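See below for the structure under consideration.
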Amino acid sequence: MGRLGVTEILVILAIVLLLFGGKKIPELMKGLGSGIKEFKNAAKDSQPADKKEEEETK
């Protein structure tokens, strides 16, 4: 499989727009953004204890 070109991305965006409509897309993006933010926070919290102590002392 190759990389996605501009044409493929535009087709995918057009399909998403048709499926969800213009009003629903901002809600989906907001949910996606908050999910990514929570994932980063969870990954940050799961660092080993000794690394956390080193970061706190800095």
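The values are calculated or read from the model by the stated rules, or taken from the named source; none is laboratory data. Computed from a predicted structure; not experimentally measured. Reconstructed Cβ throughout: ideal geometry from the backbone, glycine too, with neighbour counts over all protein chains shown. We work out accessible area using only protein heavy atoms, side chains counted, and drop any ligands, DNA or RNA first. Shrake-Rupley method; radii C 1.70, N 1.55, O 1.52, S 1.80 Å.
Of note:
- Checking Glu54 against (1) at pLDDT 90 or above; (2) surrounded by 10 or more Cβ atoms within 10 Å (Cβ to Cβ), the condition it does not meet: (1)
- Hey, Ile9 open to solvent by less than 80 Å² (accessible area, probe 1.4 Å) and either part of a loop (DSSP other than H, G, I, E, B) or at pLDDT below 90 (or both) or not: no
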